[in-house]
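The values are calculated or read from the model by the stated rules, or taken from the named source; none is laboratory data. All values derive from a computational prediction rather than experimental measurement. Please note: Cβ atoms are built from the backbone with ideal geometry, for glycine as well, and neighbour counts cover all protein chains shown.
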Protein chains: 2
Amino acid sequence: MDTPTAAILVIGDEILSGKTPEANARFLIAALRNLGIKLRRIVVVPDEIPEIAQTLRELATAFTYVFTSGGVGPTHDDVTLKGICQAFDTQLERQPEIEAMLREYLGPQLQESHLRMADVPQGATLIYQPDLRWPVMCYQNVYILPGIPELFRQNFLAIQERFRTTAFCLQQIYTLEDEFMIAEQLHQLAANHPTVNIGSYPSLNRQEYRVKITLESKDEPAVMAALADLQSLLNPELIVSLPEVTEN
Amino acid sequence: MDTPTAAILVIGDEILSGKTPEANARFLIAALRNLGIKLRRIVVVPDEIPEIAQTLRELATAFTYVFTSGGVGPTHDDVTLKGICQAFDTQLERQPEIEAMLREYLGPQLQESHLRMADVPQGATLIYQPDLRWPVMCYQNVYILPGIPELFRQNFLAIQERFRTTAFCLQQIYTLEDEFMIAEQLHQLAANHPTVNIGSYPSLNRQEYRVKITLESKDEPAVMAALADLQSLLNPELIVSLPEVTEN
C-alpha cells in the first residue's frame, strides 16, 4: 500500500503578519509523523476566499488528506467555509443539529447573525466524538479544524486514530566530519539505497557534532542495510554517539 | 505605490518530517513586517525538483519578492538550484569567482565534486556584502538563502535594507466581551473601514482578555479613525488596557 500523504493549509492574516506565532502546523507535523502519514506540503494563506479556494483545490487533488487550520469562527475574517464552497463548487446550508446546539449554547443572547456558525458546505460530513462539544467538519478529504491551538489539538487528537498507518523507521548518525568531505559518500549511499530517504544536516553552533545524517523509510530492513553501509563509509573515529539531540 | 508583497518557500524534508523545527520562516515573518512588506504566502515543500520548480514559478509570478530557505549545500538532497533552473528554463553554469573562493577555502582537500557548489543558474545575480563570506544569490525576484538558521539570518540581514518601504501602523484593543457578542459590530466596522485590516482573535486560556482586535494599515489616519469607531462600539467597561501581551 502506498504511504498516505497529507498537506496542511493554515489560514490566517495573523500568522503572515506576525501577530500570532504559528502553532498548529508545528503540532501537526509531529502528530502526522507519529501516525505514519507523509506530510508533503504546508501552505499559509491570508483570510481571502479566492486564495483559500485555489489552494484547497490543488491540495485536495494532490494529497490523501488535507487539514485546514483557522477561519471558522463567527467574525467577518472567518472565511474558510466560503473558501471550501468556492473550491468545490458547493454552497453553505444551515445545519439543523448545529443550529439547535447554538441555540442551546447561547440561549437568550443568540442573535440571528450567530446562526451563520450553523452554515456548513452542502456535502460536508460532521464527525461527532464523545469528548468534543462541537463536531469536526470534513469535506471529502479535507478536515476543517479551528485556529485556536487548544481546540485544534483537541479536535485532531479526537479523530486521529482513523488516519494511523504503518510507522516510519528512522535511524540517525552524528559525525564530526565536515559535510563537504562526506558529500560524495552520501551521494553514493543515496544511489545504492533508493527506497531510503537520506538526509544530511550540518550544524554550525554545536560542539557535539558537525553533521547529522538521517536514514528513514517504512521498510525497516532497508533502513538497517543503509545504516550498515553508512557506518562503513564514515570515519569511525569521528562518529559520535548521541542518543538524542534536542533541536533549538 | 502598492505595498510590495512577498512569499517564503521553505525547502526541506527535515521540516515536513519533524526532524527539525522550522525557524527561518518564523524569523522572516517578523523581519518582513518590520520592513513594511506584505507577506502573502508561506509554502513548505520536500527536497524534490518538480515540486520546487512548480511552486517557484507560481510564487515568482504572483508576488514582488520570493525568499527561499534551504537546499543549497553540497549534498545529494540539496536541489534548490536545480529547481530554479527547471522553474525558469535555465541551466547551471560554473561561476569562476565562486570556484576560486571554494579552491581557496578548501585548499588541498578540494574534490572535483565540491565544485558543484560553484554552479549557479545562468542569469542569476550574486550580491556581495562586506560582512558575508559568500555572496547571496538571486534569480530575478527570487532570493536564495541557506537553510542553516544562523546563515539564513546573517544573509537576510545583510541585504534587507534594499527591501524597506513604508511601515505598517498597528493598533490593538483587548476586551473581555465574548467574540460571539461583538461579531456583528466588527462586521460593521470592517464594512465602514475597507482600507483597514481588522482581525479578531479569541483566547481561551487567558484571564486578562477574551478577544484581541487588531487594526492595521499603512494609512495611519485610517487606522486611528477605525480605532475611534471601535472604541465607541465596544462596552467601555470591558475594554482592557494591556500594553503588550506576549504570545505563547
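Overview of values
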item: Checking B:Leu186 against (1) farther than 30 Å from A:Ser113 by Cα; (2) within 14 Å of chain A (Cβ to nearest Cβ); (3) of a type outside the set (Lys, Arg), the condition it does not meet; result: (1)
item: Per-region count, segment A:104-113, residues exposed (fewer than 11 other Cβ atoms within 10 Å of the Cβ) and either charged (D, E, K, R) or within 9 Å of chain B (Cβ to nearest Cβ) (or both); result: 3
item: Extreme residue, farthest from B:Lys218 (Cα to Cα), among residues of segment B:116-170 that are basic (Lys, Arg) and at pLDDT 95 or above; result: B:Arg153
item: Of all residues in segment B:114-129 being of a type in the set (A, V, I, L, M) and touching a Pro at 6+ places or on another chain (Cβ under 7 Å), the one that is surrounded by the most Cβ atoms within 10 Å (Cβ to Cβ); result: B:Met117
item: Verdict on A:Ala62 being at pLDDT 95 or above and over 15 Å from A:Ala124 (Cβ atoms); result: yes
item: Test: residue in segment B:11-32 that is in a strand (DSSP E or B) and either among the β-branched types (Val, Ile, Thr) or closer than 26 Å to A:Ile52 by Cβ (or both); result: yes
item: Segment B:63-103 - residue that is part of a strand (DSSP E or B) and either out of contact with any helix residue (DSSP H, G or I) (no Cβ under 6 Å at 6 or more places or on another chain) or not small (Gly, Ala, Ser) (or both) and, of those, surrounded by the most Cβ atoms within 10 Å (Cβ to Cβ); result: B:Thr68
item: Residue in segment B:94-116 that is of a type in the set (Gly, Ala, Ser) and touching a strand residue (DSSP E or B) at 6+ places or on another chain (Cβ under 7 Å) present; result: no
item: Checklist (1) in contact with a Gly (Cβ under 9 Å, 6 or more places away or on another chain); (2) within 9 Å of another protein chain (Cβ to nearest Cβ); (3) closer than 24 Å to B:Arg133 by Cα applied to B:Glu14, failing item; result: (3)
item: Residues that are polar (S, T, N, Q), in a helix (DSSP H, G or I) and either in contact with a Phe, Trp or Tyr (Cβ under 9 Å, 6 or more places away or on another chain) or touching a residue at least 24 places away in the same chain (Cβ under 8 Å) (or both), drawn from segment B:132-165; result: B:Asn155, B:Gln160
item: Flag if A:Ile182 is outside any strand (DSSP E or B) and either under 19 Å from the mean Cα position of the chain (by Cα) or closer than 19 Å to A:Leu215 by Cβ (or both); result: yes
item: Residue tally, condition in contact with a strand residue (DSSP E or B) (Cβ under 9 Å, 6 or more places away or on another chain) and within 7 Å of chain A (Cβ to nearest Cβ), over segment B:23-56; result: 10
item: Test for A:Tyr174: is it in a loop (DSSP other than H, G, I, E, B), out of contact with any Cys (no Cβ under 9 Å at 6 or more places or on another chain) and of a type in the set (Ser, Thr, Tyr); result: no
item: Count of segment B:14-62 residues which are buried (at least 21 other Cβ atoms within 10 Å of the Cβ) and among the acidic types (Asp, Glu); result: 3
item: Residue count for segment B:193-228, restricted to those that are assigned to a helix (DSSP H, G or I), within 14 Å of another protein chain (Cβ to nearest Cβ) and under 22 Å from B:Phe180 (Cα atoms); result: 1
item: Residues of segment B:177-197 satisfying the condition of being touching a strand residue (DSSP E or B) at 6+ places or on another chain (Cβ under 6 Å) and farther than 13 Å from B:Leu233 by Cα; result: B:Glu179, B:Thr195, B:Val196, B:Asn197
item: Subset of segment A:80-92 [out of contact with any Pro (no Cβ under 8 Å at 6 or more places or on another chain) and either over 23 Å from B:Ile198 (Cβ atoms) or at pLDDT below 95 (or both)]; result: A:Ala87, A:Asp89
item: From A:Gln54, A:Gln129, residue being touching a residue at least 12 places away in the same chain (Cβ under 8 Å), more than 27 Å from B:Thr214 (Cα to Cα) and not aliphatic (A, V, I, L, M); result: A:Gln129
item: Residue that is surrounded by the fewest Cβ atoms within 10 Å (Cβ to Cβ), among those in segment A:168-201 that are in contact (Cβ under 8 Å) with a residue 60 or more places away in the chain and touching a helix residue (DSSP H, G or I) at 6+ places or on another chain (Cβ under 8 Å); result: A:Leu176
item: Residues (at pLDDT 95 or above and β-branched (Val, Ile, Thr)) located in segment B:1-34; result: B:Thr5, B:Ile8, B:Val10, B:Ile11, B:Ile15, B:Ile29
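Yes/no matrix, rows are residues, columns are (1) farther than 30 Å from B:Ile29 by Cβ; (2) without any contact (Cβ under 8 Å) to a residue 24 or more places away in the chain:
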residue: A:Lys19; (1), (2): no, yes
residue: A:Ala30; (1), (2): no, yes
residue: A:Gly70; (1), (2): no, no
residue: A:Thr90; (1), (2): yes, no
residue: A:Gly107; (1), (2): yes, yes
residue: A:Gln122; (1), (2): yes, no
